[in-house]
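The values are calculated or read from the model by the stated rules, or taken from the named source; none is laboratory data. Computed from a predicted structure; not experimentally measured. For neighbour counting, all protein chains shown are included, and Cβ atoms are generated from backbone atoms with ideal geometry for every residue, glycine included.
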């Protein structure tokens, strides 16, 4: 009696195998047709020492991260592969790595809908910010962008924030010693940008007596440290085999969310009661959002996302910039000459944009030390990237659904065929050459529909802070002989901090 049942079971298994083989055959024929129609060829293959599992590369990556040398390690792999696009085996999975501007343009712009952030990254970040603009895609992302964009990109909005920059800059200035003793500017930059970002977004001054009392009452402690700890936890989880947070870390994330909820709910109540409308004062980013919706969970997620992006990338860039300036008195002298033309006046939005050497110095810093130096996207469908295949790397390459494609802005910004033979050298003067048009070869703020909405705001804050420091101090000396090394969180800052001595003008007490 067992034979009929066994026979039936084998028949079912056979049919399932047959169905699966047929499905594979259909996929194979479709992919072969796509490759043939587009003239696709395989990209170069990275010479793995472990050609079966790629554990050599995984271990090398881990060790590089541990010793804060991942960025130069990634850049060196392009030289090892002998190509700007290659296929590499890491922990049992093949990935595509590219620093070709045309490929990055395709992923971020012309084939935007064919690529999304990898599920692993979004899973980790969603535990903090929900379906916010930086982790969502499709209609959810479109709604977020359409709602947020008008409030962050207007020149009038940025110009109106200059007085807040000065207020928070003044507080930071008091923490910088004038006796030429050593100070680490990096934590000061992070505190400065956090305070400025929170007031811009919520209208709340964290250092006011009212907000300090509310933080104490709600047992939130130091809000800046609260968010710092949350970001460190998420950055750590993002590189582990699993992304779920343990109970104690979930509780920490919850406390951050509760603090933001408090601000959001208060803004919603004030809006509905009419307390904000018609008062003649400029509305905060949060107050603008509550005019669009009363979904406090959605607003909370967007606030957290914009806060982290606006605060971290700006502070990281300022830290790297002054780390470099402290070792380059020649550049500081040229900056001082341009700043002297202000005759002591505080620069406005328009005037900052006209200060060419200041802008070129920031451009050069973002080229060599971008705050977001690498990224990866996952294909949502079978597609093709324009270059990278064949022995010359000029043929299109086929990208299957689910394939991860990594691109290193850090490595691309060091390409000598784009930026010249001295591409590894920090030289702001290169941007004076009008023939230098890197296009998609220069992406400090991403590109395409996902280009950073706060780009102009960040550049203005960086320029303003730099100019004001140069107005207060005649020179800066490095107190750290080590080279720049990466420190990863949600952005890339300086591992050893920015330890310097700030030398004030003789007539400044």
Exercise for the section: Answer yes or no: is there a residue in segment 484-492 that is out of contact with any strand residue (DSSP E or B) (no Cβ under 8 Å at 6 or more places or on another chain), touching a residue at least 12 places away in the same chain (Cβ under 8 Å) and in a strand (DSSP E or B). Expected result: yes
Practice task
Report whether or not residue 152 is within 30 Å of residue 475 (Cβ to Cβ) and at pLDDT 70 or above.
Solution key: no
Practice task
Output the residue which, of all residues in segment 40-68 that are over 17 Å from residue 78 (Cβ atoms) and in contact with a helix residue (DSSP H, G or I) (Cβ under 8 Å, 6 or more places away or on another chain), is surrounded by the fewest Cβ atoms within 10 Å (Cβ to Cβ).
Solution key: 49
Problem - Test for residue 341: is it closer than 24 Å to residue 443 by Cβ, surrounded by fewer than 17 Cβ atoms within 10 Å (Cβ to Cβ) and at pLDDT 95 or above - result: no
Handout entry: Residue count, segment 83-101 (criterion: closer than 14 Å to residue 415 by Cβ and either modelled with pLDDT under 95 or surrounded by fewer than 20 Cβ atoms within 10 Å (Cβ to Cβ) (or both))
Key = 0
Practice task
Might you check whether a residue that is exposed (fewer than 15 other Cβ atoms within 10 Å of the Cβ) and touching a helix residue (DSSP H, G or I) at 6+ places or on another chain (Cβ under 6 Å) occurs anywhere in segment 470-490?
Solution key: no
Completion exercise
Given (1) under 24 Å from the mean Cα position of the chain (by Cα); (2) under 17 Å from residue 459 (Cα atoms); (3) at pLDDT 95 or above, residue 380 misses just (2)
Practice task
Run residue 309 past the list (1) surrounded by fewer than 24 Cβ atoms within 10 Å (Cβ to Cβ); (2) more than 19 Å from residue 204 (Cα to Cα) and report the number of the one that doesn't hold.
Solution key: (2)
Practice task
For residue 78, state whether it is touching a strand residue (DSSP E or B) at 6+ places or on another chain (Cβ under 6 Å) and either closer than 24 Å to residue 386 by Cβ or not in a helix (DSSP H, G or I) (or both).
Solution key: no
